[in-house]
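Just so it is clear, none of the values below were taken in a lab; they were calculated from the coordinates. Note that this is a predicted model, so its numbers are computed, not measured.
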Amino acid sequence: MQTQIQWLGHSTFLITSPNGKRILIDPWVQGNPACPEGAKQLPGVDIMLITHGHSDHCADAVQIAKTYQSRPSPASTRCTSTLRDTGYRRCSR
């Protein structure tokens, strides 16, 4: 299997590696008008990367992390603060 990259609208991408690992970048899926309806139910997330703390880049991070037991890896302390303000404490840095 080759690496697959699926654009989910705006800056959200789901990358599936050759060994099946799923990497979600900038998890804004549910409220994202550009995300295809059929893609809003993710097949799973192993790694979540967040570029910054704006809601259109991390709006669904906490829910996805809880659903798939994947720990968000925010790229900035502001993003970490944004996630922690929602009560989510399991961020990787």
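So here's what we get for this one:
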{"quantity": "Antiparallel bridges, percent of DSSP beta bridges restricted to the range 4-85 (to nearest 5)", "calculated": "55"}
{"quantity": "Most fluctuating residue given options 69, 41, 30, as computed from a GNM of the chain linking Cα atoms under 10 Å", "calculated": "41"}
{"quantity": "Per-residue ³J(HN,Hα) for the range 41-58, Karplus 6.51 cos²θ - 1.76 cosθ + 1.60, θ = phi - 60°, Hz, x for Gly and Pro", "calculated": "9, 5, x, x, 9, 9, 9, 10, 10, 10, 6, 6, x, 6, 4, 7, 10, 9"}
{"quantity": "Mean Cα-pair separation over length for the chain, i.e. relative contact order, pairs under 8 Å, 6 or more apart, %", "calculated": "22"}
{"quantity": "Listed candidates (i) 5.5; (ii) 6.0; (iii) 9.3 - label of the one calculated as mean projected area of the Cα convex hull in nm²", "calculated": "(i)"}
